[in-house]
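Scroll down for the structure; my scribbles are underneath it.
Every number in this text was worked out from the coordinates using simple rules, so none of it is lab data. Just so it is clear, the model here is predicted, and its values are computed rather than measured. Backbone-built Cβ (ideal geometry, glycine too); neighbour counts: all protein chains shown.
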Amino acid sequence: MRLLLALAGLAALIAVAPARPAGKPLLQVARNNPLTVSGSRFHSYERVTVTAVIRGRHVRKTTSSAGGRFKVRFRTLRVGRCPNYVITARGARGSVAILRIRTECAQLGP
């Protein structure tokens, strides 16, 4: 009987544990113009602040879906031909993802 109660208690704890997809949170550029960023593997319904540092600092806030995904669009932000920028996403429950884009463009000689 004690074993049955212990198993039932353990099952109840597992059932109420917050869902989080396996692995670290990820960021991906979905589109360059306007800059659109998608995130995955965040906590369910987590409030997320997304910051893009490219010709200044641009911030958007969103909430992830039940599956831990989101998409934000920086409507006025256009990415140039040879972009170098950093995008961070910080969730209210501790999820963090950083995406660094560094490109080397060929220099046109004389």
Estimated inter-spin distance, residue 66 and residue 105, nm [label 7 Å along Cα→Cβ] | 4.5 nm
Taking N as the residue count of region 20-102, its alpha carbon Rg divided by 2.2 N^0.38 Å gives 1.03
